[in-house]
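Throughout, read-outs are computed from the coordinates displayed, never taken from laboratory work. What you are looking at is a predicted structure, and each value in this text was computed from that prediction instead of being measured. Glycine gets a Cβ as well: all are built from the backbone with ideal geometry, and neighbour counts include every protein chain shown.
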Amino acid sequence: MSNSEPKEETVTEPPEEEVKEAPAEAEAEEVQAEEVAEPEAEEAEPAETPAAAAAEEAAEGEEEIEVVEEKVYTIPLRHVYAVTPRGRRAPRAVRDVRNYVARHMKSEEVAVSNEINSAIWSRSINKPPRKITVRAVKDKEGKVIIYPAKGT
C-alpha cells in the first residue's frame, strides 16, 4: 500500500436496543445527581463572608498575579495639553502614563489595563483628563500592570 491511499478502519456499532437504553439511564443518573448537588450548594453560600467574596472578585480581575509591590499614583497630565497638538493628546497621555509608572516603579515592562485606556480616551482624542489616579502592581517577574485606583 502506498501512503496516498486511505486506510480502512472497521467500526463496530452496538445493536440498536443498547443505544436506545443507554441515554435513558444516563438521564436518570443526571437528574439524581442534580437533586443531591443542589442542597449542598445552598448550604455553602451563606458560609462565605463578604470579605472573602470581595477578595475573590479582586483576584478574578487581576488574573491571580503574584504581587511584589503595589502603589497608587496621581499622574498629572496637564502638560499634554500644552505640548501636544489637539489631535494627538490621548495617545500622548497613554504614553506619558506608561513612562511615569515605568520611571517610578523601576521597570521597563509596563502594561496599561483596558479600564485606564478607556478612562483616558473617554472624552475622545482631543480632551484626555487633566490628571488620573492609578494603581500600579508589580509582579515577581518585574512586569507592571496599571489599574484604576480602587476609590475611583
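At-a-glance table
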| item | result |
| --- | --- |
| Filter result for the condition that a residue is in a loop (DSSP other than H, G, I, E, B), acidic (Asp, Glu) and touching a helix residue (DSSP H, G or I) at 6+ places or on another chain (Cβ under 7 Å), over 141, 108 | 108 |
| Pairs where the first residue, in region 122-135, is small (Gly, Ala, Ser) and the second is surrounded by 13 or more Cβ atoms within 10 Å (Cβ to Cβ) and not in a strand (DSSP E or B), C-beta under 8 Å, 6+ apart | 122/129; 124/90 |
| Scope region 111-132; condition assigned to a strand (DSSP E or B) and more than 20 Å from the chain's Cα centre (by Cα); matching residues | 131, 132 |
